[in-house]
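**Student:** Shown below is the structure under consideration.
The values are calculated or read from the model by the stated rules, or taken from the named source; none is laboratory data. In this text the structure is predicted, and so the values were computed from the model without any measurement. SASA here: full protein model, heavy atoms, side chains in, ligands and nucleic acids out. Shrake-Rupley method; radii C 1.70, N 1.55, O 1.52, S 1.80 Å.
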Amino acid sequence: MSIKCMTQLFASCFVFLLSSVATWYNGSSMLEGPLSASLTGGLTKSSAVHHYSHIDYLLYTIKFHPQFPIMMMVSGIYLIVLLSIIGFKKRYGLISSCCLCITALLCYSSYKLSHTSTEGEHAMITSSLAAASLCLAVGLFYLLKRFYSQKEYI
């Protein structure tokens, strides 16, 4: 593995971990007031007064402070695409199918968030659609690369 690949892997892992910690730190602010906790509608709230799961922290942060979840999403997607490019080397069909699956998941998640009302969720929809279009472009690039690499052998 080259130094360029290792540097990109390290940077994307670092940004992903840093934004994950910042996301959960911002999500913990929902414990400060009962109004903000009731706005999120905790998914996994138990009978205890302040017992929320980490998913509830993530959802709260997406709704009200979307900067770090967007960074986490983008760096995670970049990490997955980079690992598929490194792992599959010259198997362009597998790389393009991985990118197209990511595109489908991002479009589905933005569809599921489309019925929301907060500005943070609208920012998350916009950024996931932008990331989906970039993943689609990368997938189509590797699909064309596969097509042209097969023509050389004919």
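**Student:** Would you mind checking 90/112; 4/90; 89/145 for any pair whose Cα atoms are more than 24 angstrom apart?
**Tutor:** Those over the limit are 90/112.
**Student:** What figure in square angstrom, to the nearest 10, would you give for the accessible area of residue 122 with a 1.4 Å probe?
**Tutor:** 80 Å²
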